[in-house]
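Data block below; observations after.
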């Protein structure tokens, strides 16, 4: 019997605080950092402050490590003039103040802000300028009296869950251990608990934010409530969030089943996903993700289905639609803590992204079948162009039940705009990665082929009136008009908050990465 290798869904290299003990951040002394002028304005400004021990120039022993391990894919790894790794909100404030003092007229340079480095498309990278690496803001604490977990923006979800499980609680965070906290929460955030508690941002009760003028403020339902709402899906348009205070809930093990099927079972898998997505809210304790991928070792496409019951029971009818589908290997059934589940996927950054993106479509099987067929054709094209061993494709199906948006509305609203489309939807997440090639000449051609495939899927969904105008930020390509899809009222709210809290447009002009309100079409 064919036993498939584990499927890599996404990839990011884990930047553990343990790797820094005695080497950087709190470990590096000012005498270890270069003090002479470098000729790079923002780096010189930082070196002239008390932050010099957190600055890493190309000559630093950690510089190469930060380049190669701070970003999820090889093609997004840039070599900035310098890195700065603040350890507190106060140091983030000093960092921004120093960088701004260098003057935006002193040459052509920019700033990138990195939490986990999981976002693609150079959202957290820059070459001419400085990268503010937030991985040292990684503390997680829990207050039993208030039932609030405070999570540093630079933490990884695996670390967060391990700490919170010691207190018998969890929060609605990422599904993979190595994903960073900051980007996921500011983009909305899907967890295994989304059908029970809403998007991850809906559980946030307070943001600690450093503004462009260096002020450190809290944004919640009582103070700076306009910013509080804007940050729930509004991304990096207002300031640098250094801490998230989140509602916790009792920790329970997950019941997890994993089933691997051949591509030939695709129609049955699609019918099962569509049926699950149409289940009502009484099934809110269940979740799934179905991933079709081309595996270069087997030289074939396979489908991996992961089903989750967040109440740790196998006694559910939610997944009956998949029971009779033949599998390629024995079905695995496990009871695991969330930290164990999150750490199961072994993430790797040793690949070159050749195009990705996502679409929200109405829960319509003909659209998904069309997407599957298009990716079959793409695999054939890639085999001809690259050879069968040098790439992999990914096409994820993730249910977006309409009632998931109600939790955000009950808690004062978010920016995602999902309540405007009351139909059940499925998130299609797609992409191609190069695993054995690093050709600068070939890469643009591959990207164009992938982009054309994704555009055909989008056009087909629109023709059959099954395309949602909404977009989900964390899985989107930066070329997609994500914030513009949130709706006129939410675009207006984000624009007004950005103008109010960043009147000089520092995060629009000097921090170009990510999804900017100033670029909304």
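The values are calculated or read from the model by the stated rules, or taken from the named source; none is laboratory data. Nothing here was measured: the structure is a model prediction, and the numbers come from that model. No Cβ is skipped: glycine too gets one built from the backbone with ideal geometry, and neighbour counts run over all protein chains shown.
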Working only within the range 479-495, note down all residues that are assigned to a loop (DSSP other than H, G, I, E, B), out of contact with any helix residue (DSSP H, G or I) (no Cβ under 7 Å at 6 or more places or on another chain) and buried (at least 18 other Cβ atoms within 10 Å of the Cβ).
-> 480
From 171, 181, 160, which residue is within 27 Å of residue 238 (Cβ to Cβ), buried (at least 23 other Cβ atoms within 10 Å of the Cβ) and free of Cβ contacts under 8 Å to residues at least 24 places away in the same chain?
-> 160
Got a number for residues in the range 147-175 being outside any strand (DSSP E or B) and in contact with a strand residue (DSSP E or B) (Cβ under 9 Å, 6 or more places away or on another chain)?
-> 19
Residue tally, condition touching a helix residue (DSSP H, G or I) at 6+ places or on another chain (Cβ under 8 Å), closer than 16 Å to residue 421 by Cβ and buried (at least 18 other Cβ atoms within 10 Å of the Cβ), over the range 433-472 = 5
Could you check the range 192-292 for strands (runs of 3 or more DSSP E) lying wholly inside it with 3 or more residues that are under 21 Å from residue 368 (Cα atoms) and in the same structural domain as residue 419 (by TED's automatic domain parsing)?
-> 254-262
Closer than 30 Å to residue 290 by Cα and modelled with pLDDT under 95, is that true of residue 67?
-> no
Residue 367: passes all of (1) at pLDDT 90 or above; (2) within 24 Å of residue 188 (Cα to Cα); (3) surrounded by 22 or more Cβ atoms within 10 Å (Cβ to Cβ) but (2)
Hey, any hits in the range 235-245 for a residue that's more than 28 Å from residue 478 (Cβ to Cβ) and touching a residue at least 60 places away in the same chain (Cβ under 8 Å)?
-> yes
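Going by the structure shown, is residue 361 in contact with a helix residue (DSSP H, G or I) (Cβ under 7 Å, 6 or more places away or on another chain) and modelled with pLDDT of 90 or more?
yes
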Residues (under 19 Å from residue 429 (Cα atoms), out of contact with any helix residue (DSSP H, G or I) (no Cβ under 8 Å at 6 or more places or on another chain) and surrounded by fewer than 20 Cβ atoms within 10 Å (Cβ to Cβ)) located in the range 269-290 | 277
